[in-house]
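Below you'll find the structure, written out as structure tokens, and then a few comments.
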Amino acid sequence: MDPTPGPLGETPYIPGTPGGQWTDDEVLATRLRVLQMIHPHWGVKKAQGTWNGVGAVTEIGQVTENTILRLVFHDCGKYTDGTGGCDGCIDWKGMNHAGPSANNKADYYGTEPIDKTDNNGMDQITEKLELIYTTIDWPFQNASLEMSLQQSGKSRADLWDLAGLVALERTLERANRACDLDYHARQQVTLLENRDKCEIKLKKPLKFLTGRSDCLSEDPEGRGYVASKAEVHPKMFGDAKHVIDFGKTIFGMDAEHWTALQAIHGIVHSPKNLGIKYTWFGSGYISNMYFKLIANKKRYLFDAGGDLSFGGAEAAKNIFRTAVGDPDGNPVAQNGWRASCMMAWNTTEGGLVYSGQHQPQHLTLPTLTRWLKDV
């Protein structure tokens, strides 16, 4: 069944103007639609058209809470002329780019080096949010609203912001649940500190504020969410100073709060379509484990442990029932930094050199014991 556009409204949204006020019923209905859109079950994803396949290289992006958080963050960046920010539009440059595989020798030395980040991988999430914006029923069968958000005068930018709040809500729920179910491996704050410090507590409600204005898109295909201006993006492998300066210049944030926000990268498992491996890392949850990894704080092993879906017949083997440390049961500082070449990139020296974290492969207790003697 195709999504239903619904009736035309007397005051449909006009790009460039502030979005209209939302009713409580519209907020509730849209929240449920977003939650259904990011449903984690593969069978549900395939049935509702939010499946993107598996593998290190994919042509379309994921539809998950993680991707929504990335979208709303990128949406609030500025254009190169200094305008923009949280306007329901993103730069489409580099989108739908299936890059080289770092595990396929046939792809070696065939890709131009990547300097700036982009919005690749956020194509499907914007397209699916557009269905929520312009129809009255998707992803459900029955209508959730009498009139679409667009036809009732709501801005796309406000929808994206609400979707971000829903995604953050789901992400916090998963992180806190992991304090009890995945603390032996990924969410180790329960062990390294205590259960109370592991749980993220909201001190006040997450407010949904309306009135954002959408960009004036000139997309020839009529996609209102495709920006017509180039965005400012940070360097792919910029140093710490570049990262801090970018937050201050583009987002107007001080170093402390901007650095704290970087923990959101800990929920991203691996980069797609970049021709690189193991550069992004984290526990898979919003957690200070991200900073513990960067600072090489002592922790227990989770070489292949932990499971973000909390198990299932096919993944239960990854759930650790015990924590593994040194021979005395203590956590261990086990990360190091190394230089690595991007063999998939076409450069005269075989690839750009960058710094990345690594740990010995297949780090079990016996190999850890031998490794510790050599450190």
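The helices (runs of 4 or more DSSP H) falling completely within region 19-124 that include 1 or more residues that are open to solvent by 50 Å² or more (accessible area, probe 1.4 Å), more than 28 Å from Lys229 (Cα to Cα) and of a type outside the set (Asp, Glu) map to 24-37, 42-48. Within region 256-285, residues that are under 11 Å from Asn66 (Cβ atoms) and at pLDDT below 80 sit with their Cβ atoms under 7 Å from residues that are part of a loop (DSSP other than H, G, I, E, B) and open to solvent by 40 Å² or more (accessible area, probe 1.4 Å), at 6+ positions apart or across chains, in these pairs: Val268/Trp280; Gly282/Val268. Among the residues of region 3-17, at least one is in a loop (DSSP other than H, G, I, E, B), more than 18 Å from the chain's Cα centre (by Cα), surrounded by fewer than 17 Cβ atoms within 10 Å (Cβ to Cβ) and among the acidic types (Asp, Glu). Each residue in region 120-142 was checked for being touching a residue at least 40 places away in the same chain (Cβ under 8 Å) and out of contact with any Gly (no Cβ under 7 Å at 6 or more places or on another chain), and 12 of them qualify.
Summed over region 214-264, residues that are assigned to a loop (DSSP other than H, G, I, E, B), surrounded by 13 or more Cβ atoms within 10 Å (Cβ to Cβ) and of a type outside the set (Val, Ile, Thr) total 18. With respect to the conditions (1) among the charged types (D, E, K, R); (2) buried (at least 20 other Cβ atoms within 10 Å of the Cβ); (3) modelled with pLDDT of 95 or more, Glu127 lacks only one, and its number is (2).
The values are calculated or read from the model by the stated rules, or taken from the named source; none is laboratory data. Just so it is clear, the model here is predicted, and its values are computed rather than measured. Note: ideal-geometry Cβ built from the backbone for every residue, glycine included; neighbour counts use all protein chains shown. For accessibility, only protein heavy atoms count, side chains too; no ligands or nucleic acids. Shrake-Rupley method; radii C 1.70, N 1.55, O 1.52, S 1.80 Å.
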